[in-house]
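Each remark here refers to the structure printed beneath this line.
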Amino acid sequence: MEQQLLELGEKVAALEAGAGMSNTINMEIFYWWCTALMITIHAGFLAYEMGASRAKNVLAAGTKNLLAFAFVVPTFFFFGWWIYNAFPSGFTIAEGSEVALPWSAAMGPNLTDNATGIFWAAFALFAATTASIASGAVIERIRLTAFLVLAIVLGSAVWILGAAWGWHPDGWLTVQFGFHDVGAAGCVHLIAGAFTLGILLNLGPRHGKYNADGSINALKAHSVPLTVVGLMLIIVGFFGFLGGCIIYNGGAQWTNIYGQPATLSAFAFNTLMGFTGGIIGGWVKTRDPFWMMSCGLVGIISAASGLDVWYPPLAFAIGMAGGVMAPMVALFLEKRGIDDAVGAVAVHGFGGAWGVLAMGLFASGYPNVDGMPAVSLTGQVVGLVVLGALGFIPGYAISAVMKAAGVLRVPRDVEIMGLDAVEVPVEAYPEGLVRMAPSASDEDGGMAAAKPVPAQ
């Protein structure tokens, strides 16, 4: 009998160990596919930005986007992941953060650690997405090297510091103010939008965007269908992005990044309702397919802070409100001489700010864990101001230094000729599409004239 009990105990222990390892493997698989889906965001950004460019700049826009991804991932490995682990309490280095240093045993193949690499990969894709938000706004006139430096600063330093503060279970914005931002409306989108605004103030508008009297010329996208398809791909990728925002706990309930109970079902309800609300808001305001899809993204961002708690019709209403307001914000900026080629500041900066604020307006009192303050309007406004400043100040300061050094923007003749002719050794459309040759109106600062020449 004793032998049978001993054997039974060994079998139970083996079953428990097997179940535990199964849960660990399932966690790895979940975040693996979230990361894979997030790469679709970059396929979307690629199509979106190339379509939004004029034909003479299309490959330069695509090259810039590809290189941003390629530079942000390794720099995030070398210092971005450490920043997230080191600074949740502010600027004091947290105890134990050395495990995130690039030479740590956790930062590579390790049979005793199934978590670090997969979480690092998800965050690295969050970082690359954040950097790419700035990319579309500055097309057709920024120097490639200047953009890459700015992308590394935004993707591997600035946003992840904001995430340490407001998207971390020990982040001081949550610990002290109850800040709640499960889908990173503030920690990704608001920071990236504010950083982009800082760059645009120094970069200036594209040549020909404004006339001498201040009137505005439309520098039209060469392929609106490509931009719309790109935006839809971004939406597909956002299901990976938002899936990566929830914590898989084997054998237990999901939690959000703050440790509060959550479900993927709530994320599914509210992501789709926010998305469709944003599309309808954009349609009501503009009737423009580009803005309808952009506002669908605004709708998701607007609902993102509270994806775990919204009643789905409220997520729809929040998304629709964001979709109505974002084109108005874009027009407001354009009339003030800020040339945002794809509306990134309105879509991400405004959308992120509205998402953070909506959480305070409609979910105040939602309880926190471990004795931390409940969600409040005050806490959300504090988070909004802190994250907005964290994005804007370095974006403006670094681009101002670059402008003063003469390395921020391409020369005027290169911009008029088109960046593809100078930066890219192949042609986007060698057959059937013409390039626009510079005309006298270009030299006068007006709109590029329709003066077609065969692509060489």
Qualifying position, being out of contact with any Asp or Glu (no Cβ under 8 Å at 6 or more places or on another chain), β-branched (Val, Ile, Thr), in a helix (DSSP H, G or I) and surrounded by fewer than 19 Cβ atoms within 10 Å (Cβ to Cβ), among VAL369, VAL401: VAL401
Quickly run through region 390-415 and pick out the residues that are of a type in the set (A, V, I, L, M, F, W, C) and free of Cβ contacts under 8 Å to residues at least 60 places away in the same chain. VAL401, ALA404, ALA405, VAL414
When both residues are 6+ apart or on different chains and their Cβ atoms are under 6 Å apart, which pairs have a first residue that lies in region 28-47 and is more than 15 Å from ALA70 (Cα to Cα), and a second that is small (Gly, Ala, Ser) and not in a helix (DSSP H, G or I)? CYS34/GLY244
Going through region 70-100 one residue at a time, which ones are buried (at least 24 other Cβ atoms within 10 Å of the Cβ) and closer than 29 Å to ARG141 by Cα? VAL72, PHE76, GLY80
Show the residue pairs that are 6+ apart or on different chains and have beta-carbon atoms under 9 Å apart, the first residue being within region 367-389 and touching a residue at least 40 places away in the same chain (Cβ under 8 Å), the second being part of a loop (DSSP other than H, G, I, E, B) and loosely packed, with under 13 Cβ neighbours inside 10 Å. ALA374/GLY365; ALA374/PRO367; VAL375/GLY365; VAL375/PRO367; SER376/GLY365
Going through region 78-120 in order, the residues found to be at pLDDT below 95 and touching a Ser or Thr at 6+ places or on another chain (Cβ under 6 Å) are ALA106, ASN114
Which of the residues that make up region 249-277 are surrounded by fewer than 21 Cβ atoms within 10 Å (Cβ to Cβ) and aromatic (Phe, Trp, Tyr)? TRP254, PHE269
Residue that is under 17 Å from ASN57 (Cα atoms), loosely packed, with under 14 Cβ neighbours inside 10 Å, of a type outside the set (Lys, Arg) and at pLDDT below 90, where the choices are GLU427, GLU431: GLU431
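Determine, yes or no, whether ASP308 is closer than 21 Å to GLY171 by Cβ, among the charged types (D, E, K, R), touching a residue at least 40 places away in the same chain (Cβ under 8 Å) and crowded, with 23+ Cβ neighbours inside 10 Å.
Working: closer than 21 Å to GLY171 by Cβ: yes; among the charged types (D, E, K, R): yes; touching a residue at least 40 places away in the same chain (Cβ under 8 Å): yes; crowded, with 23+ Cβ neighbours inside 10 Å: yes.
Criteria met by ASP308.
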Matching residues in region 44-60 - criterion: being of a type outside the set (S, T, N, Q) and outside any helix (DSSP H, G or I): ARG54
When residues of region 238-253 are filtered for being within 16 Å of PRO367 (Cβ to Cβ) and part of a helix (DSSP H, G or I), how many remain? 0
Restricting attention to region 50-69, which residues are among the hydroxyl-bearing types (Ser, Thr, Tyr) and either over 30 Å from LEU419 (Cβ atoms) or surrounded by fewer than 20 Cβ atoms within 10 Å (Cβ to Cβ) (or both)? THR63
Working carefully through the options ALA353, ALA326, ALA330, ALA344, find the one that is among the small types (Gly, Ala, Ser), under 19 Å from the mean Cα position of the chain (by Cα), under 23 Å from ILE199 (Cα atoms) and surrounded by fewer than 23 Cβ atoms within 10 Å (Cβ to Cβ). ALA330
Do we find a residue being more than 25 Å from ASN217 (Cα to Cα), hydroxyl-bearing (Ser, Thr, Tyr) and in contact with a helix residue (DSSP H, G or I) (Cβ under 6 Å, 6 or more places away or on another chain) anywhere in region 352-367? yes
How many residues, within region 76-98, are under 17 Å from LEU390 (Cβ atoms), of a type in the set (A, V, I, L, M) and over 20 Å from the mean Cα position of the chain (by Cα)? 1
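The values are calculated or read from the model by the stated rules, or taken from the named source; none is laboratory data. As the structure is a computational prediction, the values presented were derived from the model and not from experiment. As a convention, Cβ positions derive from the backbone with ideal geometry for all residues, glycine included, and neighbour counts pool all protein chains shown.
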